[in-house]
Amino acid sequence: MVTGKPTSERDRLILALRGRGRYDEICQRSWVEIDLAAIAYNVQQIKTLLSPQTTLMAVVKADAYGHGAVSVAKTVTQAGAGAFAVATTPEGIELREAGIKQPILVLGAAYTSDEIKAISHWQLQPTLCTPQQALLFSETLGKLNQTLEVHLNIDTGMSRLGTSWQKGVEFVQLVQRLPNLKLAGIYSHFATADSLDQTLMRQQHQRFQTVIQTLGINPKNPLNQGTVSRPCLHISNSAATLTDAALHYDWVRVGLGIYGLYPAPHLRSTVDLKPVMQVKAKVTQIKTIEAGTGVSYGYQYIAEKTTRIAVVGIGYADGVPRNLSNKMKVLVRGEFLPQIGAITMDQLMIDVTSMPDLQVGEVVTILGKEGKNSISADDWAADLGTISWEILCGFKHRLPRLNF
């Protein structure tokens, strides 16, 4: 039964037609299914690891890792998330327009007056990375006669955004002096929290603690004590959140875990998570080829015997990596079947010789669980030498998102 809201007019049409028994007539190609109940379950599971004083910040950047930012945000809010992180200002605006009222942290750096005005108008919480950026924010907000809550990124070893930890105290003190800026948070980002070797993570944590202690901030004190408040502290991503409660501070920034995947195999035992995304497509044609016949561009696959093949309506333009050609399997009727030939822009081929009664229109599970078998983003990532984050973010928006 469909319980979530569609994310586009096309999705609404598909869901409406499905409700009238005409889903098979309209959705003839491929789609993504999002299990909102699994998202809520994952949030609740992760919250069991947190103290009552720690807020779960849901990372919904990149359209919630391809899951649909608005529907995910509404679901995790109901499940107990208290704040959100996005990468860009437009991503934050999208949430505000959808009625999300919780704090929204923009992790990326803004460097123009126009963007600062937009951040202020929508009451987003920007990340300040350098003194120059802080001065621009203060000047721009002064002209608007507005004050904005900001977070400071202290680079403790990620070597990405942020002021180096050696200059962190000076940076914080500058922002505290500048007009029109209210210091809402100080944070850093781990580079190796998913590693079994915690040496570098512990080093980064110690650097963060050094900055905090030098500033005289006591993390054990409540965020608000009467009229006195201290900045919110946060450093944990999904991996750190699952690794050590001592790293949690006031907020934890959880992305991958919400979507039901683990940042590393050794963290699987820490909490039970349910995968959220499934990718499915339809068989659009079936044919039989003779031994010696090549399949798809470049003839990367040549049939060794008479082979029955099915064409499936999904390809690399939808998010199935071309480098998986002749490596991946799909699920049909709960059974694994091999993909053959080069994956093309809009279609791929599978060997269905073992299913002589397979028909055009049958559903093929590209990612997900069917019966006792499953295919995960982790499986693809291992085959490609990449990470599951990249796989999830790769599914394009010509695939309708159907929420259940």
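Can you find, within the range 321-331, the residue that is most open to solvent (accessible area, probe 1.4 Å) among those that are assigned to a loop (DSSP other than H, G, I, E, B) and within 16 Å of Tyr301 (Cβ to Cβ)?
If we filter the range 321-331 for residues that are assigned to a loop (DSSP other than H, G, I, E, B), which is where we start, we get 321, 325-328.
The next check asks that each one be within 16 Å of Tyr301 (Cβ to Cβ); those that pass are 325-328.
On the way: Ser325: 13, Asn326: 62, Lys327: 116, Met328: 6 Å².
Residue satisfying both the conditions and the ranking: Lys327.
Could you tell me whether the range 163-171 includes any residue that is over 18 Å from Val86 (Cα atoms), in a strand (DSSP E or B) and in contact with a Phe, Trp or Tyr (Cβ under 6 Å, 6 or more places away or on another chain)? Looking for residues that are over 18 Å from Val86 (Cα atoms), in a strand (DSSP E or B) and in contact with a Phe, Trp or Tyr (Cβ under 6 Å, 6 or more places away or on another chain), one finds at least one in the range 163-171, hence yes.
Condition first: open to solvent by 10 Å² or more (accessible area, probe 1.4 Å) and either at pLDDT below 95 or hydrophobic (A, V, I, L, M, F, W, C) (or both). Now tell me which residues in the range 233-263 satisfy that. Correct list: Leu242, Ala245, Ala246, Trp251, Leu261. Inspect all residues belonging to the range 109-123 and state whether any of them is touching a strand residue (DSSP E or B) at 6+ places or on another chain (Cβ under 7 Å), in a strand (DSSP E or B), surrounded by fewer than 21 Cβ atoms within 10 Å (Cβ to Cβ) and not charged (D, E, K, R). Taking every residue of the range 109-123 in turn, at least one turns out to be touching a strand residue (DSSP E or B) at 6+ places or on another chain (Cβ under 7 Å), in a strand (DSSP E or B), surrounded by fewer than 21 Cβ atoms within 10 Å (Cβ to Cβ) and not charged (D, E, K, R). Report whether or not Leu358 is crowded, with 16+ Cβ neighbours inside 10 Å, in a strand (DSSP E or B) and in contact with a strand residue (DSSP E or B) (Cβ under 8 Å, 6 or more places away or on another chain). No; evaluated as a whole, the condition is false for this residue.
The combined condition, being on the phi < 0 side of the Ramachandran plot, without any contact (Cβ under 8 Å) to a residue 40 or more places away in the chain and open to solvent by 50 Å² or more (accessible area, probe 1.4 Å), is not fulfilled by Gln133.
Going through (1) touching a helix residue (DSSP H, G or I) at 6+ places or on another chain (Cβ under 8 Å); (2) not in a loop (DSSP other than H, G, I, E, B) one by one, Ala342 falls short only on (2). Residue pairs whose Cβ atoms lie under 7 Å apart, separated by 6 or more positions or on different chains, with the first residue in the range 386-402 and open to solvent by less than 10 Å² (accessible area, probe 1.4 Å) and the second charged (D, E, K, R) and part of a loop (DSSP other than H, G, I, E, B), are Phe395/Asp318; Leu399/Asp318. Within the range 158-172, the set of residues being open to solvent by 40 Å² or more (accessible area, probe 1.4 Å) and either under 27 Å from the mean Cα position of the chain (by Cα) or free of Cβ contacts under 8 Å to residues at least 40 places away in the same chain (or both) comprises Met158, Ser159, Arg160, Leu161, Ser164, Gln166, Lys167, Glu170. Trp389 falls short on exactly one of the conditions (1) touching a helix residue (DSSP H, G or I) at 6+ places or on another chain (Cβ under 7 Å); (2) at pLDDT 95 or above; (3) part of a strand (DSSP E or B), and that condition is (3). Just one residue in the set Val32, Val43 is modelled with pLDDT of 95 or more, more than 22 Å from Leu267 (Cβ to Cβ) and under 19 Å from the mean Cα position of the chain (by Cα); that residue is Val32.
Take the conditions (1) touching a Leu at 6+ places or on another chain (Cβ under 7 Å); (2) closer than 15 Å to Arg253 by Cβ; Pro103 misses just one of them, which is (1).
Being over 11 Å from Tyr259 (Cβ atoms), open to solvent by 10 Å² or more (accessible area, probe 1.4 Å) and part of a helix (DSSP H, G or I) is the filter here; which residues of the range 63-89 pass it? Of everything in the range 63-89, those that are over 11 Å from Tyr259 (Cβ atoms), open to solvent by 10 Å² or more (accessible area, probe 1.4 Å) and part of a helix (DSSP H, G or I) turn out to be Asp63, Val70, Ser71, Lys74, Thr75, Thr77, Gln78, Ala79. Every condition in (1) in a strand (DSSP E or B); (2) open to solvent by 10 Å² or more (accessible area, probe 1.4 Å); (3) touching a helix residue (DSSP H, G or I) at 6+ places or on another chain (Cβ under 8 Å) holds for Leu196 except the one numbered (1).
With respect to (1) assigned to a loop (DSSP other than H, G, I, E, B); (2) open to solvent by 40 Å² or more (accessible area, probe 1.4 Å), the lone exception for Thr284 is condition (1).
Scanning the range 30-53 for residues that are of a type outside the set (A, V, I, L, M) and open to solvent by less than 10 Å² (accessible area, probe 1.4 Å), we see that the one that is farthest from Trp389 (Cα to Cα) is Ser30. Residues considered: Val106, Val150. Of these, the only one that is touching a Gly at 6+ places or on another chain (Cβ under 6 Å) and either open to solvent by 50 Å² or more (accessible area, probe 1.4 Å) or without any contact (Cβ under 8 Å) to a residue 40 or more places away in the chain (or both) is Val106. Screening the range 302-320 for residues that are touching a residue at least 24 places away in the same chain (Cβ under 8 Å) and outside any loop (DSSP other than H, G, I, E, B) and picking the one that is nearest to the chain's Cα centre (by Cα) gives Val312.
The values are calculated or read from the model by the stated rules, or taken from the named source; none is laboratory data. For clarity, every value in this text was computed on a predicted model and none was experimentally measured. Backbone-built Cβ (ideal geometry, glycine too); neighbour counts: all protein chains shown. Heavy atoms of the whole protein, side chains included, go into the accessibility calculation; ligands, DNA and RNA do not. Shrake-Rupley method; radii C 1.70, N 1.55, O 1.52, S 1.80 Å.
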